[in-house]
Amino acid sequence: MDNLDREKNILVIGTGGTIAGVGDKGKTLGYDSAQINVDNILSGVPYIEDLANVKPVELYNVDSSDMSIDKLVNMACYIEEMAARDDVDGFVITHGTDTLEETAYFLNLTVHTHKPIVLTGAMRPSTAISADGPFNLYQAVALARSSEAEGKGVLVVFADAIYGGRDVIKVNTFKTDAFNQKDMGSFGYMRDDKAYFYNHSVKKHTLSSEFRVSKDMKLPNVEVVNYYLGRSEDILKHASKISEGIVLGGAGCGGASEKWNKEIEKMLKSGKIVVRSSRISNGLVTHSSKAIFKKGVYSNSLTPQKSRILLMLALTKTKDIEKIQEVFNMY
Ligand code: ASP
C-alpha cells in the first residue's frame, strides 16, 4: 500500500520537447518544441500540488533530437546526487518524445537508486486544443510519489500506461497514444492518480547495474548502421573508422549481405565489437554463442538505438566480446 501520510517531495526536471512546445492557436501541427520552461508547464497542470510537493528544475530546454550523450551523462550524475538526499523522494523528467526511449534506457543503466524516476512528455504542444502534456505530467507525478514505483527501474508514463525504460519505444509519429513495449505489453496502467502494476522487468537496472558515469565523462563512440537491400558496405567501413563499436540494424534476425558479413568478420578479427540488432521491432536477435567471433554479439531483444547505449557503457568496462555478450544477455 502507498504510504501517502507524508507529503512527498518530487523533483520535476525539465528538458524540453513538445510538452514545452508553443504553436498556432489550438493546432497540433506547425509548432516549435522547447519554448516554455518547466515552471510554466507545471502551472498549466491543475491540482498537481494536491499530489506532492513539486519542485521544478530546468536542466535543458531542447527538442529531444538535440539531446546528446554528454547531456545524458550529466543528467544521470545530477539525479544520482539528488537521489542521495533525504528531502527528495522521486523524480519526473519532462522530455521530447522522439528520443525519450534512449534517455529512459540510459538512466535505467546509470542511476543507482530505488527512488522512482518517471519520464513523460506530450505529442501535442501546450497551445493545442486538448494538449496531452498536463495529464501525462499529472500522472507522472502521481506515479513518482507512489511507493509501488520504487525499485522498478526507470519508468515512462504516457497516455494512461506505465512502461519500463528498457523496452519502451515510440510507435506513432503523431497520435497521443504514442508508446508501447512491443511484444512485452506494458508494466500497467494509470487511472487518474492511481498506479496499477501487472509486470516488471527481470533485466538488471538502477541499483543492480554495474555501470557508472561521472560528470563530463566521455563515452566511447558507437555508430548504428542500418542494412537495407543492396546497400553499399562503404558506409559500414566509414562507421568503423569513426567509432569504437558498431551496431548493425540488420534485416530480419540481424542479417546483411555476404559483402557486409565479410566486412563484419574482418572487424571482429581486428578486435572491433559489432552488435547485431534488427530493424524489425519485435522478436529476438540470437545465434549460437560460438558464432559471436564470426557474426558478432547478438542484441537479444534490444533495438539498434538501445543496443548503442548499452554497447557504449559496456565498452567502458571491457573489450572482451564474450563478456560483452554476457552484458547483452543481462541488461
Ligand atoms: N520533436 C519533439 C521532441 O522530441 C517531439 C515531441 O516531444 O513529441 O522534442
Does LEU268 satisfy the criteria of being over 20 Å from ASN136 (Cα atoms), surrounded by 14 or more Cβ atoms within 10 Å (Cβ to Cβ) and either β-branched (Val, Ile, Thr) or in contact with a Leu (Cβ under 9 Å, 6 or more places away or on another chain) (or both)? no
Reported set for segment 61-102 where residues are in a helix (DSSP H, G or I), within 13 Å of the ligand (Cβ to nearest atom) and crowded, with 19+ Cβ neighbours inside 10 Å is SER64, LEU100, GLU101, GLU102
Mind checking whether some residue in segment 200-222 is within 23 Å of GLY250 (Cα to Cα) and exposed (fewer than 14 other Cβ atoms within 10 Å of the Cβ)? no
Give the number of residues within segment 128-141 that are among the polar types (S, T, N, Q) and in contact (Cβ under 8 Å) with a residue 12 or more places away in the chain. 2
Of the residues VAL54, VAL45, which single one is within 18 Å of ALA149 (Cα to Cα), more than 15 Å from the ligand (Cβ to nearest atom) and β-branched (Val, Ile, Thr)? VAL54
Go through (1) in contact with a helix residue (DSSP H, G or I) (Cβ under 6 Å, 6 or more places away or on another chain); (2) under 28 Å from ILE280 (Cα atoms); (3) away from the ligand (no atom under 16 Å from the Cβ) one by one and return the number of the condition ASP160 breaks. (1)
How many residues does segment 166-188 hold that are surrounded by 15 or more Cβ atoms within 10 Å (Cβ to Cβ) and either over 21 Å from LEU107 (Cα atoms) or within 13 Å of the ligand (Cβ to nearest atom) (or both)? 4
Of all residues in segment 39-65, which are in contact (Cβ under 8 Å) with a residue 12 or more places away in the chain and among the charged types (D, E, K, R)? ASP39, LYS55, GLU58, ASP63
Has segment 110-127 got any residue that is in contact (Cβ under 8 Å) with a residue 24 or more places away in the chain, more than 11 Å from the ligand (Cβ to nearest atom) and farther than 27 Å from ALA195 by Cα? yes
Scope segment 229-252; condition without any contact (Cβ under 8 Å) to a residue 60 or more places away in the chain and either on the phi > 0 side of the Ramachandran plot or in contact with a Lys or Arg (Cβ under 8 Å, 6 or more places away or on another chain) (or both); matching residues: GLY230, GLU233, SER240, ILE246, LEU248, GLY249, GLY250, ALA251, GLY252
Checking LYS237 against (1) closer than 24 Å to MET330 by Cα; (2) surrounded by fewer than 18 Cβ atoms within 10 Å (Cβ to Cβ); (3) basic (Lys, Arg), which test does it fail? (1)
Just one of (1) hydroxyl-bearing (Ser, Thr, Tyr); (2) crowded, with 21+ Cβ neighbours inside 10 Å; (3) away from the ligand (no atom under 16 Å from the Cβ) trips up THR15, so point out which. (3)
Listing of helices (runs of 4 or more DSSP H) fully contained in segment 198-317 that carry 1 or more residues being over 22 Å from GLU101 (Cβ atoms): 234-241, 258-269, 292-295
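Residue by residue, here is whether (1) of a type in the set (Asp, Glu); (2) in contact with a strand residue (DSSP E or B) (Cβ under 6 Å, 6 or more places away or on another chain); (3) surrounded by fewer than 16 Cβ atoms within 10 Å (Cβ to Cβ) holds:
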{"residue": "LYS241", "(1), (2), (3)": "no, no, yes"}
{"residue": "LEU248", "(1), (2), (3)": "no, yes, no"}
{"residue": "CYS253", "(1), (2), (3)": "no, yes, yes"}
{"residue": "LYS259", "(1), (2), (3)": "no, no, yes"}
{"residue": "ARG279", "(1), (2), (3)": "no, yes, no"}
{"residue": "ASN300", "(1), (2), (3)": "no, no, no"}
{"residue": "PRO304", "(1), (2), (3)": "no, yes, no"}
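Quick note: the coordinates plus some simple rules give every number you see, no bench work behind them. The structure presented is a predicted model; accordingly, all values stated were derived computationally and were not measured. Note that each Cβ is placed from the backbone with ideal geometry, even for glycine, and that neighbours are counted across all protein chains shown.
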